[in-house]
Structures are given as C-alpha cells and as structure tokens.
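Here's the structure, in structure tokens; my notes come after.
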Amino acid sequence: MTTRPDPMYAGYRFPAEVISFAVYLYFRFPLSLRMVEELLALRRITVSHESVRQWGLKIGRTIASRIRQRRLARGDKWHLDEVVISIAGKKHYLWRAVDQDGFVLDALVQSRRDTKAAKRLLRKLLKKQGRAPRVIVTDKLKSYAAAKRDLKLRCEHRQHKGLNNRAENSHQPTRRRERQMKRFKSPRHVQRFLSIHDPINNLVHLRRDHRSASEYRAARIYAFAAWAEVAGAPLAA
C-alpha cells in the first residue's frame, strides 16, 4: 500500500523527500542556499539555489505552522533578552523569549529598546502561550520591570545578567545565520525567517546535557519521526 503524498507538495516536479530534506538542511544548519544546492548535487540531485529559497518560503512556512499547531507544552519559566542587529545600516533590536529547557517561545524584531517594546513582547507571549509564567528571568534592563508592572503580572521576576545565559545563548544560531546570509535585508525579512527557523529548530531541539549516548540517539530518532509527520515526508533524499 503506497502512502498518499502530502498535498502541500502538489505541483512540484521534485519528490517530497527531496524538498523536505532541502528545507530541513537550510533551516536546521547555518548553510547558505548555494551550500544546500551543492549538498543536493553531491546526491546527484540537480536543483538551483533559487528553488531551495522558494521551497523554504512556501514549504517551510507550512511546516512551521504545523509545528505551532501541535501546541507542545513549554516551561513556565521565561528567559527574556534582546540583542542589537544591524539592518540596512540601521540599528534594530531582536527580542527573544525561551523557556528553561531552551525552546524558543517567540522572537520579535523592534526598532526600540524601551518599555513599549518589552510590553509588546510580553503581550504576544501571553497570547500565544495562553498563560502567565511562574518566573521571568531578564538582565537589568528596567523596561522589563516596567512592562511587568503595567501588565499587572504577579510572577516572580529575577533580574541578573548571569542568570540569563539561556536566553543569551539562544541568539547564537541567529547570529550565525546573520553572518551566513550577509546580514538581514529588512525587519520583515528577519521576522519571516525566524518564524520558520525557530519552530523547526524547536522540533529537532536535542539537549545533550545529562543524557547518555543511547538516550541522545533515541531522542534524535524521535525528532526525525516528528519531522516526517509534520513535513509529510521522511528525511531521506
């Protein structure tokens, strides 16, 4: 009995397995579009980098949406942080929230680093998570405390730079991609890319701490199976 192809691949001349694999490579690892093109060429799959880009936009968006619809349970301890990113020569701020396990809860590009921007991030988080956090961990930026007060949140707020390594480390994949992509082109470009990148990386987020090799491999197999479910095709090109 043959498996019915996923409708999101209708109209493409390449098999779903190839498209799924290309999207996985592009969003999972800090690879350029041309690098993905070359990796596929090593497997005797001739495809242009522009096709990979289009697959990432269309198929990647659908996969990310399906991951979000799974509504996986996330932690109740939110680590919030913001970093400066340069877009077309102008300074912007990438605000990000992760839970205690390192899963990205949300990311938001804003032109400001003030209370209004912090409130916008918290409102978006509260709407998406459907509940208030137990603990918020931030650096010593006063905007977080002001936003928490304005939104009447009663959770514990811990302000200490050393406690917020979880959120600061979560920016590293974005920094690597920023260098690989030779800077982001616009705030919309960053937001669109991260709206696909972060859910996909959450799905295959494999923590190595306190895990034996066999436990890690089992988790990896589970992640590959989860990808096959949301992408409608296994990771085999």
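Yes/no per residue for (1) farther than 26 Å from PRO187 by Cβ; (2) assigned by TED's automatic domain parsing to the domain that holds LYS142; (3) under 19 Å from the mean Cα position of the chain (by Cα):
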residue	(1), (2), (3)
GLY11	yes, no, no
TYR26	no, no, yes
PHE29	no, no, yes
MET35	no, no, no
LEU40	yes, no, no
ARG66	no, no, yes
ILE85	no, yes, yes
GLN100	yes, yes, yes
Going through region 187-212 one residue at a time, which ones are in a loop (DSSP other than H, G, I, E, B) and either farther than 21 Å from ALA97 by Cα or free of Cβ contacts under 8 Å to residues at least 12 places away in the same chain (or both)?
ARG208, ASP209, HIS210, ARG211, SER212
Determine whether region 86-95 contains at least one residue that is basic (Lys, Arg), outside any loop (DSSP other than H, G, I, E, B) and either out of contact with any Phe, Trp or Tyr (no Cβ under 6 Å at 6 or more places or on another chain) or farther than 19 Å from VAL204 by Cβ (or both).
yes
Scanning region 184-235 residue by residue, those among the polar types (S, T, N, Q) and within 27 Å of VAL84 (Cα to Cα) turn out to be SER186, GLN191, SER195, ASN201, ASN202
Identify, from the list SER20, SER32, the residue that is within 26 Å of ASN202 (Cβ to Cβ), of a type in the set (Ser, Thr, Tyr), surrounded by fewer than 16 Cβ atoms within 10 Å (Cβ to Cβ) and touching a residue at least 24 places away in the same chain (Cβ under 8 Å).
SER32
Which of (1) touching a residue at least 24 places away in the same chain (Cβ under 8 Å); (2) part of a loop (DSSP other than H, G, I, E, B); (3) touching a strand residue (DSSP E or B) at 6+ places or on another chain (Cβ under 7 Å) is the odd one out, the single condition ASP101 does not satisfy?
(3)
Of the candidates THR62, THR115, the one satisfying the condition of being over 20 Å from the mean Cα position of the chain (by Cα) and surrounded by fewer than 20 Cβ atoms within 10 Å (Cβ to Cβ) is THR115
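The values are calculated or read from the model by the stated rules, or taken from the named source; none is laboratory data. All values derive from a computational prediction rather than experimental measurement. Glycine gets a Cβ as well: all are built from the backbone with ideal geometry, and neighbour counts include every protein chain shown.
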